[in-house]
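J.: First the structure, then my questions, so here it is.
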Amino acid sequence: MNAVAGKALTSSSLQSHFDLFGLAPAFGLDRQALEKAYLEIQSRVHPDRFAHAGDAERRASMQWTTRVNEAYRILKDPVQRAKHLLELKGIDVGFETNTQMPTDFLLRQLELREELEAAVHKKDVALLDALRSALAGEKLLLESQLAESLDRKQDLEGSTGQVRKLMFLHRLDQEIDSAYEEIE
Amino acid sequence: MALLQIAEPGMSPAPHEQRLAVGIDLGTTNSLVATVRSGGPAVLPDSLGRPLLPSVVRYHLGGKVEVGYAAQSKQAVDPKNTIASVKRFMGRGVKDVAHLESAPYDFVDAPGMLQLRTAAGVKSPVEVSSEILKVLRERAELSLQGNISGAVITVPAYFDDAQRQATKDAAQLAGLNVLRLLNEPTAAAIAYGLENAAEGIYAVYDLGGGTFDLSILKLSRGVFEVVATSGDSMLGGDDFDQRLFCWVVEQAKLPPLDARDMRLLQMKAREAKEHLTFHGEAPITARLSSGEVVDLVVDTETFCSITQTLVNKTLGPVRKALRDAGLKVEDIKGVVMVGGATRMPQVQRAVAEFFRRDPLNNLDPDKVVALGAAMQANVLAGNKPQGEDWLLLDVIPLSLGVETMGGLAEKIIARNTTIPAAKAQEFTTFKDGQTGMSFHVVQGERELVADCRSLARFELKGIPPMAAGAARVRVSYQVDADGLLHVSARESSSGVEASVTVKPSYGLADADIERMLRDSFQHAKEDMHVRALSEYRVDGRRLLEATRSALAQDGKLLAPAERQAIDAAILSLEKLLQGSEPRAIKQAVDTLNRATEEFAQRRMDAGIRRALAGKKIGSL
């Protein structure tokens with residue numbers, strides 16, 4: 001390595017979270033390769049390796065581990081990963097402001113939410129379980145569509161729409177979590 | 001030699017360089033200290049060969065303190081001055097503690113954390129805990145014949161920030177260098193995982209004296225990864241005693257009891273509970289101060305029925321952790337039982353029924369946490385060569401958030417996020433010319449701030465006057481490897497920056513710690529100056545050693561001028577270490593730390609590049 005290789009890596013000098021792990025930016029992801037790179041980096045920078053070091057190294061270690069954890073968390077999660085990919089291509093998915101969705105999708109969402117309310121009302125865990133597995137299927141389908149449109153067709157507009165849908169399903173998933181807690 | 005850890009495999013400190021590091025299980029009922037000697041972890045017993053130290057502290061008039069069995073035996077005689085289960089009060093206010101009315105103490109409500117009035121003055125739970133830790137530290141130093149270079153202290157995984165901070169404060173007050181706060185179920189998983197070469201997904205069910213934790217971990221060679229954790233920091237074996245105590249009062253139709261009788265019957269209830277683990281029924285007999293005699297027999301069936309709700313209460317967090325981890329009961333390869341309270345047959349049955357498999361009980365539930373902590377301390381001290389150590393990835397148990405309009409809590413870092421973790425959020429002013437902004441940091445899962453735990457409040461002042469919505473205040477949350485939160489805020493839109501760092505309000509200010517230290521030295525007749533000198537010297541030598549090995553390994557990352565600056569700082573520290581001026585040593589340590597900042601960053605960078613270059617690194 002060059003003696004004075006210049007500044008240390010900073011977040012701005014890194015193109016993307018994928019770069020941090022030496023992976024090509026793509027929605028379709030080799031989970032094992034990601035995990036392996038994550039663990040290899042952690043084994044070098046984790047604070048447990050520097051518990052007896054000086055303040056400067058302890059601080060640098062914490063900053064790096066924090067960053068690596070954040071990047072890993074984003075890449076592991078399909079919604080966050082897709083959002084990050086689109087951001088790298090200059091697209092702000094803009095979930096809060098721009099929420100035009102296809103009518104049939106919205107109707108299906110209403111239907112799912114009604115089922116959720118009914119399950120909570122009846123305190124029926126089996127209904128929640130069924131709802132969750134139906135949702136899991138829909139998420140998988142959307143994810144495979146997303147892999148197609150993002151990685152192969154490079155259809156950014158289509159992808160953006162699919163990410164938004166996935167966000168909806170994700171939110172519903174969280175509501176199902178709260179529903180379980182409410183019933184218990 | 002922590003820095004050698006990122007050296008290539010095969011390098012390890014020579015035996016004479018091994019550091020004395022201990023693991024401490026600071027339990028509600030009992031505490032233990034353990035260390036790794038000649039390869040294996042072992043609990044260090046007291047001079048009479050007893051491994052456990054009852055977590056009971058008795059204060060005498062004049063300041064004398066008794067800890068452990070001696071204090072425990074005086075509980076019923078001197079209840080107000082004999083503090084048991086102090087862990088329940090760590091980082092807690094008077095309104096937070098359940099069954100406060102049946103605790104025989106003289107509570108003082110103080111801002112942040114409650115305090116206890118004793119014959120030796122008003123004591124905070126932090127001071128009481130530090131007495132326990134001091135005894136364990138002395139035990140270890142006597143047994144290992146040397147100064148302890150660092151300690152891993154375990155805490156319930158479900159402890160919030162205030163409780164963690166209080167624990168760390170107690171350890172510092174006891175003169176311990178805290179290498180890490182480690183979650184109890186994680187410590188147990190280390191001990192279990194290494195002992196049994198376990199791989200796969202495991203649950204740790206940890207029912208201690210006062211707390212319940214459930215953690216789900218993924219174990220693979222060289223990696224312990226916590227996937228989710230849940231629990232109840234106000235549920236433990238003590239609550240089973242309490243149910244039995246209430247049953248006795250009801251059965252014997254007793255009038256309101258004084259502190260002594262209350263304590264006596266609570267102890268009898270606990271003995272009966274322990275007896276029932278091996279027998280179908282247990283006698284409860286006691287002579288009260290009025291002369292009245294209580295003589296009852298409790299059978300297993302009664303005990304199970306009066307504690308059924310408590311057992312069920314543990315299953316809620318179990319289900320929650322599974323959901324958070326996205327796992328089903330079938331995915332769990334084994335359930336490791338930890339904590340003395342898991343000896344109760346009804347607990348074993350409930351766990352077996354829920355997980356549809358026999359729980360794993362092959363480690364002593366009282367010792368496993370301390371053993372795991374000792375193993376982790378040994379790694380953190382740098383005593384394990386690369387390749388024989390492991391990576392530990394833990395999470396925060398409860399979401400961290402900030403109060404927003406309308407008393408709502410907005411989550412900033414979600415529960416079960418791997419630590420260390422950081423997140424920033426931007427806020428803006430809502431009035432023209434507004435120059436200050438106040439923040440309220442909270443922890444918990446509920447939507448309303450009122451239902452969450454308040455950790456800290458702080459105000460950012462000195463924002464330049466601007467139109468409403470023009471200021472950009474960035475609030476950053478950083479959770480460190482101990483699970484402790486640091487919050488800072490800065491306004492940056494106008495180029496004017498203000499920054500503030502807050503410590504949770506339940507944590508003690510450094511000044512408080514100093515006062516407590518001074519108080520404790522007055523009794524120990526030690527000299528603050530001598531102690532400060534010895535501490536800074538240890539710090540200084542540690543830093544010198546770490547810096548030298550870093551230079552030996554990665555010195556080529558520095559330009560000649562940079563190298564010179566570091567060498568000069570080393571030389572100056574070396575010289576001052578010969579002297580006896582604590583403050584000068586501290587300054588030289590700070591200078592060397594500053595001089596190596598850029599170097600440290602570059603080394604991390606180089607470490608990452610090496611990792612990505614696909615070099616073999618140990619077992620990973």
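Values quoted throughout were computed directly from the atomic coordinates according to the rules given, and no laboratory measurement underlies them. Keep in mind it's a predicted model, so treat the numbers as computed, not measured. Counting neighbours? That spans all protein chains shown, and the Cβs are built from the backbone with ideal geometry, glycine included.
J.: Counting other beta carbons within 10 Å of each residue's own, what order do B:L484, B:L61 fall into, fewest first?
T.: The order, fewest Cβ neighbours first, is B:L61, B:L484.
J.: Dipole size in debye (nearest 20) for region B:142-228 around its Cα centre, Lys and Arg Cβ +1, Asp and Glu Cβ -1?
T.: 220
J.: Additional query: Can you give the calculated 222 nm mean residue ellipticity of chain B, where each DSSP H run of n ≥ 4 adds -39,500 (n - 2.57) and the sum is split over every residue, rounded to the nearest 500 deg cm²/dmol?
T.: Roughly -12000 deg cm²/dmol at 222 nm, from the helical runs in chain B.
J.: Of A:K89/A:K165; A:K139/B:K411; B:K168/B:K431; A:K76/B:K333, which ones are farther than 29 Å apart at the Cα?
T.: The answer is B:K168/B:K431.
J.: Over chain B, what is the mean sequence separation of C-alpha contacts under 8 Å (at least six apart), divided by residue count, expressed as relative contact order in percent?
T.: Worked out over chain B, it gives 15 percent.
J.: Related question: Counting other beta carbons within 10 Å of each Cβ, put B:T186, B:T435, B:T314, B:T285 in order, fewest first.
T.: Listed from fewest to most nearby Cβ atoms, that is B:T285, B:T435, B:T314, B:T186.
J.: Another one. Using only DSSP helix segments of four residues or longer, with each worth -39500 (n - 2.57), what per-residue ellipticity at 222 nm results for chain A after dividing by its residue count and rounding to 500?
T.: Result for chain A, helices only: -22500 deg cm²/dmol.
J.: Please compute the net charge surrounding A:P102, taking Lys and Arg as +1 and Asp and Glu as -1 over other residues with Cβ under 15 Å from its Cβ.
T.: -1
J.: Please report, in cubic angstrom per residue, the volume enclosed by the convex hull of the alpha-carbon atoms of region B:232-382.
T.: 151
J.: May I pose another question? Within 10 Å of each Cβ in B:475-481, how many Cβ atoms from other chains are there, averaged over the peptide?
T.: 3
J.: Next up: Along the positive direction of the dipole of region B:86-157 (beta-carbon charges: Lys, Arg +1; Asp, Glu -1; about the Cα centre), which of B:M90, B:L144, B:V128 reaches farthest?
T.: So the residue furthest toward the plus end is B:L144.
J.: 5 Å is the cut-off here: which amide hydrogens, built 1.01 Å from N in the peptide plane, fall below it relative to B:G208, excluding neighbours closer than 5 in sequence?
T.: The answer is B:D213, B:G237.
J.: When only Cα pairs under 8 Å and 6 or more residues apart are kept, what is the percent relative contact order across region B:527-612?
T.: Relative CO of region B:527-612 lands at 39 percent.
J.: Taking the Cα centre as origin and putting +1 on Lys and Arg beta-carbons and -1 on Asp and Glu beta-carbons, what dipole magnitude results for region A:103-183, to the nearest 20 debye?
T.: Roughly 160 debye for region A:103-183.
J.: Kirkwood hydrodynamic radius, computed over distinct alpha-carbon pairs, for region B:413-486: how many Å, to one decimal?
T.: Its Kirkwood hydrodynamic radius stands at 14.0 Å.
J.: Could you tell me the extents of chain A's C-alpha atoms along the three principal axes, largest first, rounded to whole Å?
T.: Sorted from largest, the Cα extents of chain A read 65, 42, 30 Å.
J.: Let me ask something else. In straight Cα distance, which aspartates and glutamates are under 18 Å from B:K95, not counting same-chain residues fewer than 8 positions off?
T.: Here the aspartates and glutamates satisfying the reach criterion relative to B:K95 are B:D106, B:D109, B:D160, B:D161, B:D232, B:D239, B:D451.
J.: Here is a follow-up. Rg to Rh ratio, region A:11-76, alpha-carbon atoms and Kirkwood radius?
T.: 1.01
J.: Moving to a separate point now. Taking the Cα centre of the protein assembly as shown as the origin, how large is its charge dipole in debye, to the nearest 20, when only Lys and Arg (+1) and Asp and Glu (-1) carry charge on their Cβ atoms?
T.: Value, rounded to 20: 1700 debye.
J.: Using the alpha-carbon centroid of each, what span in Å lies between region B:337-360 and region B:270-305?
T.: That distance is 23 Å.
J.: Do you know the relative contact order of region A:11-76, to the nearest whole percent, from alpha carbon pairs under 8 angstrom that are 6+ apart?
T.: Worked out over region A:11-76, it gives 35 percent.
J.: Just how far, in whole angstrom, is region B:134-177 from region A:34-85 if you go by their alpha carbon centroids?
T.: The two parts, judged by their Cα centres, are 27 Å apart.
J.: OK, next. Could the peptides B:152-164, B:247-259, B:195-207 be put in order, highest first, of the mean number of other beta-carbon atoms found within 10 Å of their residues?
T.: Ranking, from highest mean packing down: B:152-164, B:195-207, B:247-259.
J.: Distance in nm between label sites at B:I306 and B:D331, each 7 Å beyond Cα in the beta-carbon direction?
T.: Using points 7 Å along Cα→Cβ, the separation is 4.0 nm.
J.: So, one more: Using the Cα centre of region B:527-612 as origin and beta-carbon charges of +1 (Lys, Arg) and -1 (Asp, Glu), tell me which of B:L612, B:I566, B:Y536 is placed farthest towards the positive end of the dipole.
T.: With unit charges placed on the Cβ atoms, the residue in question is B:L612.
J.: Now for a separate question. Just to verify a number: FRET efficiency for B:R349 and A:E138, C-beta to C-beta distance, R0 = 30 Å, to 0.05?
T.: E(calc), rounded to 0.05, equals 0.15.
J.: With point charges of +1 on the Cβ of Lys and Arg and -1 on the Cβ of Asp and Glu, referenced to the Cα centre of chain B, which listed residue (B:A157, B:G407, B:L181) lies farthest in the positive direction of the dipole?
T.: Among B:A157, B:G407, B:L181, the one farthest towards the positive end of the dipole of chain B is B:L181.
J.: What is the order of A:D177, B:D324, fewest Cβ neighbours within 10 Å to most?
T.: Lowest count first: A:D177, B:D324.
J.: For region A:103-183, what is the convex hull volume of its Cα atoms per residue in Å³?
T.: In region A:103-183, the Cα convex hull volume per residue is 71 Å³.
J.: Let me know the volume per residue of the alpha-carbon convex hull for the protein assembly as shown, in Å³.
T.: Given the Cα convex hull of the protein assembly as shown, per-residue volume reads 182 Å³.
J.: Can you list which of the trypsin sites (Lys or Arg not before Pro) found in region A:104-184 are DSSP loop residues with at most 15 other C-beta atoms within 10 Å?
T.: A:K123, A:K153
J.: For chain B, what is Rg from Cα atoms divided by 2.2 N^0.38 Å, rounded to two decimals?
T.: Compared with the compact-globule rule of thumb, chain B sits at 1.02.
J.: For A:61-71, what's the mean count of beta carbons from other chains sitting within 10 Å of each residue's beta carbon?
T.: Mean shielding by partner chains, rounded to a whole number: 6.
J.: Report, as an integer, the average count of C-beta atoms from other chains found within 10 Å of each Cβ along B:167-176.
T.: For peptide B:167-176, the averaged partner shielding equals 0.
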